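The values are calculated or read from the model by the stated rules, or taken from the named source; none is laboratory data. Nothing here was measured: the structure is a model prediction, and the numbers come from that model. Using ideal geometry, Cβ is built from the backbone for each residue, glycine included, and neighbour counts are taken over all protein chains shown. Accessible surface is based on the protein model in full, side chains and every heavy atom, while ligands, DNA and RNA are left aside. Shrake-Rupley method; radii C 1.70, N 1.55, O 1.52, S 1.80 Å.
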Amino acid sequence: YTKEELERPLIGVVSAKSEIVPGHMHLDKVAEAVKAGVRMAGGTPIEVPSIGVCDGIAMGHVGMKYSLPSRELIADSVETMTMAHAFDGLVLVPNCDKIVPGMIMAAVRMNIPAVVCSGGPMMSGLVKGEETSLSKMFEAVGARKADIIDDDDLLEFEQNVCPGCGSCSGMYTANSMNCLSEAVGIALPGNGTIPAVDSGRIRLAKHAGMAIMNLVEKDIKARDIINEKSLRNALACDMALGCSSNSVLHLLAIANEAGVHLDLNIFNEFSAKVPNLCHLAPAGSTHMHDLNRAGGLMAVFSELDKKGLIDKSLITATGKTVGENFAGAHVKDYDIIRPIDKPYSETGGIAVMWGNIAQDGCVVKRSAVAPEMLSHTGPARVFDSEEDAIEAIYTGKIVDGDVVVIRYEGPKGGPGMREMLNPTSALAGMKLDKTVALITDGRFSGASRGASIGHVCPEAAAGGNIGLLQEGDIIEIDIPNSKINAQVSDEEFDARRKDHVAPPSKATSGWLARYQRNVSASCKGAVME
């Protein structure tokens, strides 16, 4: 570095570029554009790396145990690189599920100027004339297992559902968090929806580089942007978009770093007052490029503002207020973003339930549940691992009306709180998603659909009643009334607890064992204590 460069603000550009994650394979181009913007605005960019797990590749095997824990490693490593090298500000260049919240957690923890510039969503694929995305690939495996399609059909899905770089094209966890980054104000307008392959993504990255210099000059820090009020804007957006149920975990974790008290009750508070305006995949047939074409997040904000559901006064990464950012924005296609007075539902996309098998709550992506499954009663089919449940589903042992229970997959029990996309997509591919429910103390991919109820807390490994359920127990699910119960008395649960023997720990060494010892409950965001 020249003397002149070192006398300018030093801006860390944290890039998660790698050759293993489709959503990250192009982040070198995005990071270069960010650096160009920093230089144009008079700063010195310094690129540093970040790890990132691809959930699609890690799904269904031991790799998924590492996905959620990686969020904590990312937060810690961003903090380490920033503090060790005295950066004056950060531009965070993530794209996929845990990388986005992990980087934001670090920025809020350190409370320095920061801007998020994600890599953008993938375009949808095309199979037999229909637009497709990641969830259809996993569902195709279930359909093949049920002999609904043949090997040639499966290969066509494999070759076409994910056609290029970017975060998978539905409202899955990655795109949920990229949209919520924009909604909370730490990313520029367009961050959540401009496609990865669009030249607008490169222009956005240059503007992000310029924006961080403005924040450094004005001393606008991460907690000036992310606070209780801006998190409420993010919650409103979450409900309107029908975001991934994983957004609950990540918003709780970000709030924890910001020193903001957030609990599960607030999600139902917002669900009750914010209507669901979008049905993007997996809830519907539209994808992120459609949302971008319809006006993106700023158009959603303009619609929510018609009922006073957005705080327009808050400062954002642009240096302007929320209201100034979406001034003039409007919905360009009401088939993609429903009018506020004609929503898909009057309630939001996420719902939290409580009951005797989830005293501290559980979460479901309500907008992806078929109407006939909003209330369901059926016998428990109990499994102590995802693998055991998958075998039962694939071999035809799960039938209409069943409630599949997968336990010992929580933050401690997994350890790592695996996503259950394989079971849910298998059920969908076998045409059972409208007749079979699934309950777990693990979690679900944003690509999951159906009555997929996760984050059951307390988890089985922490002594939760889900660990005491027995084959055939009748489970009552009532999503509209936020209730989930087993027809088992407290006395019976107490009796079962006396004789209960938990399975041995699944982690005895390494990082996962440390994570297992220190991770908090899912209702607290599964943060490290």
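What residue, among those in the stretch 356-387 that are among the aliphatic types (A, V, I, L, M) and in a helix (DSSP H, G or I), is farthest from the chain's Cα centre (by Cα)?
Step one: list which residues in the stretch 356-387 are among the aliphatic types (A, V, I, L, M), which gives 357-358, 363-364, 368-370, 373-374, 380, 382.
Keeping just the survivors that are in a helix (DSSP H, G or I) gives 368, 373.
Details: 368: 14, 373: 23 Å.
Of everything passing the filter in the stretch 356-387, 373 is farthest from the chain's Cα centre (by Cα).
For every residue, the table says whether it meets (1) more than 17 Å from the chain's Cα centre (by Cα); (2) among the hydroxyl-bearing types (Ser, Thr, Tyr); (3) modelled with pLDDT under 95; (4) not in a helix (DSSP H, G or I).
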residue	(1), (2), (3), (4)
216	yes, no, no, no
223	yes, no, no, no
236	no, no, no, no
278	no, no, no, yes
Which of the residues belonging to the stretch 468-510 are closer than 18 Å to residue 379 by Cβ and among the small types (Gly, Ala, Ser)? 472, 486, 489
The one condition in (1) among the small types (Gly, Ala, Ser); (2) in contact (Cβ under 8 Å) with a residue 24 or more places away in the chain; (3) closer than 24 Å to residue 5 by Cβ that residue 84 fails to fulfil: (2)
Quick check on my filter: what residues within the stretch 417-444 are modelled with pLDDT under 95, open to solvent by 10 Å² or more (accessible area, probe 1.4 Å) and among the polar types (S, T, N, Q)? 422
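Can you tell me which residue is surrounded by the most Cβ atoms within 10 Å (Cβ to Cβ) among those in the stretch 486-529 that are part of a helix (DSSP H, G or I) and among the hydroxyl-bearing types (Ser, Thr, Tyr)? Walk me through it before giving the result.
So in the stretch 486-529, the residues part of a helix (DSSP H, G or I) come out as 490-499, 510-518, 522-524.
After this cut, where a residue has to be among the hydroxyl-bearing types (Ser, Thr, Tyr) as well, the list is 515, 522.
Details: 515: 25, 522: 30.
Among them, the one singled out is 522.
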Count of residues meeting criterion [part of a helix (DSSP H, G or I) and of a type outside the set (Gly, Ala, Ser)] in the stretch 5-35: 9
Sort through 117, 54 and tell me the only one that's within 18 Å of residue 15 (Cβ to Cβ) and open to solvent by 20 Å² or more (accessible area, probe 1.4 Å). 54
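I'd like the full set of residues that are part of a helix (DSSP H, G or I) and either in contact (Cβ under 8 Å) with a residue 40 or more places away in the chain or surrounded by 24 or more Cβ atoms within 10 Å (Cβ to Cβ) (or both), limited to the stretch 159-196.
Going through the stretch 159-196, the residues part of a helix (DSSP H, G or I) turn out to be 159-160, 173-184.
Of everything in the stretch 159-196, those that are part of a helix (DSSP H, G or I) and either in contact (Cβ under 8 Å) with a residue 40 or more places away in the chain or surrounded by 24 or more Cβ atoms within 10 Å (Cβ to Cβ) (or both) turn out to be 173, 174, 175, 176, 177, 178, 179, 180, 181, 182, 183, 184.
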Only one residue in 263, 238, 290, 305 is open to solvent by 30 Å² or more (accessible area, probe 1.4 Å) and in contact with a strand residue (DSSP E or B) (Cβ under 9 Å, 6 or more places away or on another chain), so which one is that? 263
Among the candidates 269, 257, which residue alone is without any contact (Cβ under 8 Å) to a residue 40 or more places away in the chain and either open to solvent by less than 40 Å² (accessible area, probe 1.4 Å) or not aromatic (Phe, Trp, Tyr) (or both)? 269
Just wondering, is there one or more residues in the stretch 254-264 that are in a helix (DSSP H, G or I) and among the small types (Gly, Ala, Ser)? yes
In the stretch 444-485, which residues are touching a Gly at 6+ places or on another chain (Cβ under 8 Å), closer than 24 Å to residue 412 by Cβ and not in a loop (DSSP other than H, G, I, E, B)? 454, 460, 461, 462, 475, 484, 485
Within the stretch 112-150, residues under 30 Å from residue 257 (Cα atoms) and in a strand (DSSP E or B) come out as 114, 115, 116, 121
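Quick test for you: out of 405, 399, pick the one residue that is over 30 Å from residue 124 (Cα atoms) and crowded, with 24+ Cβ neighbours inside 10 Å. Outline the logic, then answer.
Numbers: 399 fails: crowded, with 24+ Cβ neighbours inside 10 Å.
Matching residue, one of 405, 399: 405.
Yes/no matrix, rows are residues, columns are (1) within 28 Å of residue 289 (Cβ to Cβ); (2) in contact with a Leu (Cβ under 6 Å, 6 or more places away or on another chain):
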{"residue": "224", "(1), (2)": "no, no"}
{"residue": "227", "(1), (2)": "no, no"}
{"residue": "232", "(1), (2)": "no, no"}
{"residue": "236", "(1), (2)": "yes, yes"}
{"residue": "244", "(1), (2)": "yes, no"}
{"residue": "250", "(1), (2)": "yes, no"}
{"residue": "253", "(1), (2)": "no, no"}
{"residue": "259", "(1), (2)": "no, no"}
{"residue": "262", "(1), (2)": "no, yes"}
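Of these, 136, 206, which one is open to solvent by 60 Å² or more (accessible area, probe 1.4 Å), under 19 Å from residue 317 (Cβ atoms) and not aliphatic (A, V, I, L, M)? Before you say what the answer is, go through the steps one by one.
Details: 136 fails: under 19 Å from residue 317 (Cβ atoms).
Every option except 206 fails the conditions.
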